[in-house]
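Data first, discussion second: the structure below is written as structure tokens.
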Amino acid sequence: RLLLASLIPRVASFAAFRSGEPWLDTHGRVIDAHGAGFLVDGGVTYWYGSQRNGWKCCHDGGINVYSSRDLYSWTAHGLALRTYQTRSSTGNGRDLERPKVVRCAGTGQYVMWVRGTGEGNTPQLAA
């Protein structure tokens, strides 16, 4: 049991914001959530943002989601919404950004809307 625990990399919890340094999630990876939107629900803050690391300009992987109870330590939960990589002018574009999420008090369901752009940052979608 001790051997297994020693093999798992540990990421120190942040106790302060560090200007100019990469902000790492609880797995030690750089947080990848650009143009972010936030939702606070049940004592947890959710951070939604464009997945841009490893993608070139105006192309991304979709909307990532992270959660935190203290605003210092963020756990990655993966993609909440994928980008459709299409060249069609009616597709949702190559770049999803500025996600907003709200919870409907009546149904308990969550709704996300984003801005989607096509080649050259041309507006394609807002849904």
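Things to note:
- In this simple spin-label approximation, V40 and K100 carry label points 7 Å from Cα along the Cα→Cβ vector, and these lie 1.8 nm apart.
- Sequentially through the range 97-103, phi angles give Karplus couplings (6.51, -1.76, 1.60; θ = phi - 60°) of 8, 6, x, 10, 10, 10, 10 Hz, Gly and Pro residues having no value and appearing as x.
- Burial order of peptide ranges 16-27, 62-73, 33-44 (average beta-carbon count within 10 Å, highest first): 62-73, 33-44, 16-27
- Computing FRET efficiency as 1/(1 + (r/R0)^6) for F17 and H77, where r is the C-beta to C-beta distance and R0 is 25 Å, gives about 0.70.
- Residue-wise HN-Hα couplings along the range 66-71, as the Karplus relation 6.51 cos²θ - 1.76 cosθ + 1.60 with θ = phi - 60° gives them from phi, are 10, 9, 8, 9, 10, 6 Hz; Gly and Pro carry x.
Computed from the coordinates by the stated procedures, all read-outs in this text should not be read as laboratory data. Bear in mind that the values here come from a model prediction, so they are computed numbers and not experimental data. Glycine gets a Cβ as well: all are built from the backbone with ideal geometry, and neighbour counts include every protein chain shown.
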